[in-house]
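Just so it is clear, none of the values below were taken in a lab; they were calculated from the coordinates. Treat the numbers as computed from the prediction; the structure is a model and nothing was measured. We place every Cβ from the backbone using ideal geometry, glycine too, and count neighbours over all the protein chains shown.
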There are 2 protein chains.
Amino acid sequence: MRDVNDSSGLGLRERKRAQTAEAIHIAAAELVLENGLDETTIDAISARADVSNRTFFNYFPSKEDAVLGIDEGAVAAELDKVHDTQEDPLAAVFDLIYAIFEASGGKQRKELSRAVIRKHPQLMTRQMARVADLEDRLSEIIAGWLRDDERFADDTDAERLEQARLILGICLSTVRISMRRWAGHDHSGSGAGSSDTPDPRKIYERAIATLRTVMEKLS
Amino acid sequence: MRDVNDSSGLGLRERKRAQTAEAIHIAAAELVLENGLDETTIDAISARADVSNRTFFNYFPSKEDAVLGIDEGAVAAELDKVHDTQEDPLAAVFDLIYAIFEASGGKQRKELSRAVIRKHPQLMTRQMARVADLEDRLSEIIAGWLRDDERFADDTDAERLEQARLILGICLSTVRISMRRWAGHDHSGSGAGSSDTPDPRKIYERAIATLRTVMEKLS
DNA sequence: CGCATTCTTGCACTCTCTGCAAAGTTGCGC
DNA sequence: GCGCAACTTTGCAGAGAGTGCAAGAATGCG
């Protein structure tokens with residue numbers, strides 16, 4: 001998909017393509033904020049982004065993807081630079097999910113997406129389901145990590161794979177719920193107003209802390 | 001989905017309605033098994049079930065629901081008979097999910113659904129997403145249980161709700177992965193073929209055991 | 001039997017999404 | 001600059017999902 005011949009930086013083509021994608025995403029998010037998810041048609045998004053209906057589908061496979069600004073290529077690229085050795089599997093899985101999510105994102109995007117997700121939490125579930133499509137690939141990566149972990153050393157490959165799936169699922173749930181909190185967190189408060197958008201890393205740290213708390217209480 | 005053969009006290013109308021739902025479900029599942037999920041159209045399902053396209057939508061809101069034979073009414077009914085006091089939150093949540101799943105299910109249904117899920121694991125994710133739609137209601141129920149649990153006694157209501165959401169998510173992931181195993185388990189063995197379908201309860205017991213194992217290893 | 005309720009169905013319609021082919025752009029070597 | 005190759009945009013045609021409506025059929029109950 002990516003062109004390999006970069007003589008100096010990015011060509012006009014790639015820049016234009018990125019611009020169009022951004023325009024469609026912004027249009028989609030704004031319209032959904034104004035009118036709601038179901039009330040926003042792809043025709044309307046295309047019109048605001050000044051492209052044809054057909055071109056919309058050249059950039060995003062669905063309305064939801066456009067609203068969230070998901071860049072399939074960036075996600076795939078992220079998967080290819082996964083590191084081999086990892087200390088704590090749980091932390092590593094969170095890092096992985098974090099990387100995938102951050103893969104598609106500018107700055108403006110995030111504020112918009114946050115507002116959109118606050119208005120339509122179902123999108124978050126959808127987002128997770130998307131990651132779940134990568135379940136097989138991700139699980140194998142995680143299972144590979146587990147092989148190097150003494151606590152899973154006695155298991156068979158099949159057992160490790162199943163446990164990897166479970167760990168992935170658990171981490172995804174944790175992230176989703178934390179994101180929900182993030183989206184729902186009202187930052188129009190009175191306090192010092194500097195950077196009131198939470199640092200994404202903080203969200204993940206908090207997520208992993210919550211998970212550990214719950215796991216301890218339940219064991 | 002109500003048992004078609006259970007005519008106790010039900011009028012002809014209700015029996016016929018159950019029969020039609022069953023017929024549509026069977027037709028959908030069989031066609032998907034034969035031709036695949038995307039290749040099966042609602043028109044084809046309707047034709048095999050001998051109803052009109054329009055009638056299909058009187059029974060199921062989507063193709064996926066028909067394939068899985070989901071009975072929205074039965075699920076809702078199940079939610080209403082949730083017990084108050086519960087011993088172990090984790091076990092209780094599994095019981096709850098179990099009840100919801102079993103709510104829609106005849107006997108024949110299960111063998112079919114199993115084969116279908118084996119062929120199209122995405123349906124399982126979809127199934128879980130459906131339960132996730134009940135997240136708010138379920139989470140509140142679970143949060144109520146947590147209030148009676150000493151380990152969560154010091155938390156605020158908001159904290160308990162968030163942890164309830166997380167617990168629900170974790171249990172759902174666990175169930176999904178166990179179901180995957182269940183669907184994938186090859187039962188074409190040599191022995192007598194009657195009841196080699198694993199007992200659903202066993203699946204849940206195994207699921208909860210797997211979860212505990214992983215949680216212990218990760219703490 | 002007759003009336004109210006419910007179920008089925010056809011019809012028309014919107015919306016998502018895909019394939020195809022024609023026309024326009026861009027990049028690059030010459 | 002020229003022209004070719006690659007890429008992009010767009011319109012068009014069409015399948016498929018899903019909904020609202022209203023006419024007509026089946027059912028149940030008094």
- Query: Toward the positive end of the charge dipole of the range B:12-68, about the Cα centre and with charges on Cβ (Lys, Arg +1; Asp, Glu -1), which of B:ILE45, B:PHE57, B:VAL32 goes farthest?
  - Reply: B:PHE57
- Query: Using a Förster distance of 41 Å, how high is the FRET efficiency between B:THR156 and B:ALA47, based on the Cβ-Cβ distance and rounded to 0.05?
  - Reply: 0.15
- Item | Neighbour net charge for B:ALA44 - beta-carbon separation under 14 angstrom, K R +1, D E -1 | -4
- Query: In the range B:45-89, what GluC sites (Glu not before Pro) fall in a loop by DSSP, with at most 12 other Cβ atoms inside 10 Å?
  - Reply: B:GLU87
- Task: Beta carbons within 10 angstrom, averaged per residue: use that to sort the peptides B:122-128, B:36-42, A:133-139, highest first.
- Result: B:122-128, A:133-139, B:36-42
- How many nm separate the modelled label positions at A:LYS16 and A:ASN35, each set 7 Å beyond the Cα in the direction of the Cβ? 2.8
- Note on the structure: The Kirkwood hydrodynamic radius of the range B:12-68, taken as the inverse of the mean 1/r over all distinct Cα pairs, in Å, comes to 11.0
